[in-house]
Amino acid sequence: MKYVVDEYGRPGIEQNWPATIKSMLESSFDANMVKRPVMEQVYSDIREAILSLRDGESSTLDDEWVSRRRSFDSIDGANASD
């Protein structure tokens with residue numbers, strides 16, 4: 001924890017990982033929290049990488065499941081109106 005909190009250390013990113021994942025992780029590690037992606041963007045980036053690895057096969061990626069489990073409308077913590 002000292003490495004991350006006091007020394008701003010971040011885990012390594014493997015070079016063989018998809019470019020989408022590497023870019024998302026790098027932006028997620030930004031010292032400026034405002035520059036970090038919101039969870040919707042993280043989800044979108046991970047989904048895009050999975051689809052790329054599966055050659056577009058999305059039958060087991062259930063977006064309805066994800067939308068039912070969201071508890072906030074936005075980053076400011078406003079409650080969802082389900």
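The values are calculated or read from the model by the stated rules, or taken from the named source; none is laboratory data. Not measured: the values here are computed from a predicted model. Note that each Cβ is placed from the backbone with ideal geometry, even for glycine, and that neighbours are counted across all protein chains shown.
Within region 14-50, the set of residues being more than 15 Å from the chain's Cα centre (by Cα) and over 21 Å from TYR3 (Cβ atoms) comprises GLN15, ASN16.
If you go through region 1-10 and keep only what is charged (D, E, K, R) and assigned to a helix (DSSP H, G or I), you end up with just LYS2.
Yes/no per residue for (1) modelled with pLDDT under 85; (2) outside any loop (DSSP other than H, G, I, E, B); (3) surrounded by fewer than 10 Cβ atoms within 10 Å (Cβ to Cβ):
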| site | (1), (2), (3) |
| --- | --- |
| GLY12 | yes, no, yes |
| ILE21 | no, yes, no |
| ALA31 | yes, no, yes |
| VAL34 | no, yes, yes |
| TYR43 | no, yes, no |
